[in-house]
Amino acid sequence: MKHKNKVIRFIQMVGVALLLSIGSHSCNDYLDVDKYVYDITVLDSVFVDEEKLLGYINGIANYLPDEDRLWTNSWSPYQGASDENFFSWNDGRHAAIKFLLDEITPATANYYYNNYATWYKGIRKANTVLARMDECEDLSVSTQRTYTGEMYFFRGYFLYLLLQQYGPVPLPPDELTDFNDEAENLMYERNSYDQCVDYIIDNMEQAISYLPSTREGSNIYRPTSGAALAVQSRVLLTAASPLFNGNSAYSDWTRQDGTPFISQTTDNSKWGRAAVAARRLMETGLYKLNVIYKEATTDSLPANVPDADFPDGAGDIDPYRSYKSLFNGEVTIRNCAEYIWACEVDPRGGDSPLWLSSPSQLGGGNGLNLTLNLIDAYKMKDGFDINQSSADYPYPGAEVAYEPTGQSKSLGGYTVYTSGTARMYANREPRFYATIGFSHSYWPGTSYTGTEGYSNYEVTYYSDGTAGPSIAFPDDYNHTGYTCIKYNHPEDNMRASGSIYAKWFPLFRYAEILLNYAEALNELEAPYTDEATGITVTRDVDAIRDAVNRIRYRAGQPGLSAAELSGPETIRAAIKHERQVEFACEGRRYHDLRRWLDAPEAYNQPIVGMNVRAKSSEREKYYTRTTLNNNLTQRTWSFKMYFWPIPKSALDKNSRLVQNPGW
């Protein structure tokens, strides 16, 4: 069984041995009775002492997904099947592209490690610990409280994962299942979406009351009360969104008693609940945006960005490094106050975010293609859209966009592009250079110690470029001329003589909470008071502006303009754009497009990139916007794609379970 050092580590060898004895068989459905007989026979030995119990608890954590696996052998389709990118291959290791191309069926829905069955098994085991933990007599009161909090967190988190992928699902009973009961009583109908949300929120509320607010040492990856609050914030924001809040498209999708799976009544107070959840986390005072203070190498700010100290401006910070360091290992899980809950990234494996995006010359797969729609979303240095750029930082017209800048560009002390870079990539905002790799980007890869020149590499995607297709691997090339460098550190080099900087992937970070808060406030039509906490929230434009401007100033961008703040519609558009850029290639775009009901428009757009069939001697031809039309880019959208299908294997075992619409 895979050893997960990223979340909860197996601390005692006896715990590992116990986990192997009870958990190494294949994952099965929650109520598949025969497959759990062996688990039941060994449970009595689990609760004998704390050491064995800890092993069992750590085993539950082993069912948590590797959320840092965004593309290759990913745990979900979320990043690979977003509108931000596509793969250079259609294979089982990159199954998300099959979703984009409408090749998934319920019979083939068990990609991603059989998530449906695995996460129910995690809930069942958490229930077991809650029911029997008192049998372990040597547990201290404080340890029992922490374990109790973790079990409530696991129950809520596994259900959140199920809801996120499959939509409304059956809620498992809290009590231990009596496997001698009639088979019909062991089958459960899907609950409504709102009931699933309540289950998650209730369990996270329990977790908040038991879990510590911070973790240290070997426990740094274990969940905290802040992580539980962050889950609530994300879940409640999604529940308030148009997909799940009065969506009449699902009016005929009902439970056996006629109750709609998705509420047909729009309830604006759901935005209030979402705002309160974000506010509660903000008021803990434990989290803040990551910033790196400016040095001699820091780029100058445009005139329209306040020169005041952060968070009132960007005068004292390095916007490029403040953002980039969140993902490249420059800050760690132990010193980054923006991380609410994070996991360790696989440092060298072919499943890491680095492998797919890196050119083969640096040891990567060279198979990640970002779409021009994402590239165009990045604004100019002074915050103007590329289609409405200013005289200070003009976006070049097509007749000169391909011409080289004639000078290299350094940010944070490192060269980000060379003098051969096209003018269309000059003077863009810092997050562009922290995230996007393009022709003539500079990949230092300085940890390389070999003699073959695989460092300080200028990457080009021309057909005869340094990252173009090779004779040996003709399919291993970039199709759009853009890749993701968000997770690259200047020292990273996947060649055998190179090394990879240790990194962490934020499952939840404070920037998301700020934008959640701003979005929820903007949609609120009347004051909302939360009875449990006494917190009252209103549509406060100043609070919205403050939350969004912190994100923008950290990125070296101007704050929200008067035009953007003129009404709910303009604020909504500004927040949507900010989320698109701030969370690019983090797995959030997939969900945002769906909950906003923007997915049909986004996915029905053609995929556009550079003309990578052009040679380096044909610059103008290469830098021509080109619609891609091949078997990898024929993405489609249909109504069924709001949810992943319930696996056929689960339907066959539960006669009360109904499939998602359209599947």
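The values are calculated or read from the model by the stated rules, or taken from the named source; none is laboratory data. These figures come from a predicted structure and were not determined experimentally. Here the Cβ is made from the backbone with ideal geometry for all residues, glycine too, and neighbour counts use every protein chain on show. All accessible areas refer to the heavy atoms of the entire protein, side chains included, with ligands and DNA or RNA removed. Shrake-Rupley method; radii C 1.70, N 1.55, O 1.52, S 1.80 Å.
See the values below:
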{"quantity": "Cα centroid separation - region 641-663 against region 524-589, whole Å", "calculated": "36"}
{"quantity": "Spread of Cα-to-Cα distances over 20 Å intervals beginning at zero, given as percent, for the chain", "calculated": "18, 52, 27, 2"}
{"quantity": "Contour minus Cα-Cα distance for ASP309 and VAL541 (0.36 nm per residue)", "calculated": "81.3 nm"}
{"quantity": "Global geometry of region 413-538, whether rounded, prolate or oblate, following the gyration tensor of its Cα atoms and the 1.5 cut on a/c", "calculated": "prolate"}
{"quantity": "Inter-label distance for SER566 and GLU620, nm, one decimal - labels placed 7 Å from Cα along Cα-to-Cβ", "calculated": "3.9"}
{"quantity": "Protection proxy ranking of 378-385, 238-245, 452-459 - average other beta-carbon atoms within 10 Å, highest first", "calculated": "238-245, 378-385, 452-459"}
{"quantity": "Separation of alpha-carbon centers, region 54-123 and region 240-279, rounded to whole Å", "calculated": "26"}
{"quantity": "Inter-centroid distance (Cα atoms) of region 481-514 relative to region 291-369, Å", "calculated": "8"}
{"quantity": "Residues ASN219 and GLU135, FRET efficiency given R0 of 25 Å [Cβ-Cβ distance, rounded to 0.05]", "calculated": "0.60"}
{"quantity": "Estimated FRET transfer efficiency when R0 is 30 angstrom, pair ASN268-LYS288 (beta carbons, to 0.05)", "calculated": "0.50"}
{"quantity": "Label-point separation in nm, VAL400 to ALA532, each point 7 Å along Cα→Cβ", "calculated": "5.9"}
{"quantity": "Order by protection proxy (mean Cβ within 10 Å, highest first), peptides 622-629, 577-584", "calculated": "577-584, 622-629"}
{"quantity": "Label-point separation in nm, ASP475 to THR254, each point 7 Å along Cα→Cβ", "calculated": "4.8"}
{"quantity": "Cβ crowding within 10 Å averaged over residues, with 281-292, 426-437 ranked highest first", "calculated": "426-437, 281-292"}
{"quantity": "Carbon and sulfur %, accessible surface of the chain computed with the full protein complex present, 1.4 Å", "calculated": "48"}
{"quantity": "Amide H contacts of ARG509 (H built 1.01 Å from N, under 5 Å, at least 5 apart or other chain)", "calculated": "ILE340"}
{"quantity": "Size of charge dipole - region 470-612 - debye, nearest 20, with Cβ of Lys, Arg +1 and Asp, Glu -1, no other charges", "calculated": "400"}
{"quantity": "Unsatisfied cross-links (Cα-Cα over 23 Å) in the set LYS294/LYS486; LYS288/LYS324; LYS98/LYS379; LYS324/LYS409; LYS98/LYS640", "calculated": "LYS98/LYS379"}
{"quantity": "Calculated FRET value between LEU597 and THR627, using beta carbons and R₀ = 22 Å, to 0.05", "calculated": "0.30"}
